[in-house]
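For reference, the structure discussed in these notes is given below.
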Amino acid sequence: MDLLLDMVPDENVIFETIEPGKTNEYYQGHAEHILRNIDTVDHYFHFVNTIIKNYHTLTDEQQKTIKDRLGIKPIIQEKIVYKEKVVYKDKKKKTRVNNYDDY
């Protein structure tokens, strides 16, 4: 889509221009306006999929905030290791010698 938009002259693009260098509330207001105009779940999916394109550039704290909003919890897997007892059939058990006086 970026490639197509680059090939089309700016005067033919029908998207609303967002000005750089504004406050956070300005961008949040634009996002709310866009969300109100999205009419189907399919359109919303494609919108969100495009918006998260640069998600990896966010700080860890910003990513954590988004994950909390989405309800994404970290997956913790515990690995249980069982140690099998090896029994050798050809070896006899040695009797234990009592090296101390238990009287």
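The values are calculated or read from the model by the stated rules, or taken from the named source; none is laboratory data. Values in this document were obtained by computation on a predicted structure and should not be read as measured data. With ideal geometry, Cβ positions are generated from the backbone for all residues, glycine too; neighbour counts draw on all protein chains shown.
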Of the residues in the range 67-86, those that are in a helix (DSSP H, G or I) and among the charged types (D, E, K, R) number 3
Give me the pairs: first residue in the range 35-62 and more than 20 Å from residue 16 (Cβ to Cβ), second residue part of a helix (DSSP H, G or I), beta-carbon distance under 8 Å, and six or more apart or on different chains, which are they?
55/63; 55/66; 58/66
So which residues in the range 38-52 are assigned to a helix (DSSP H, G or I), over 16 Å from residue 24 (Cβ atoms) and either of a type in the set (A, V, I, L, M, F, W, C) or within 13 Å of the chain's Cα centre (by Cα) (or both)?
41, 45, 47, 48, 52
So, in the range 1-43, how many residues would count as being modelled with pLDDT of 90 or more, charged (D, E, K, R) and either under 20 Å from residue 53 (Cβ atoms) or touching a His at 6+ places or on another chain (Cβ under 6 Å) (or both)?
1
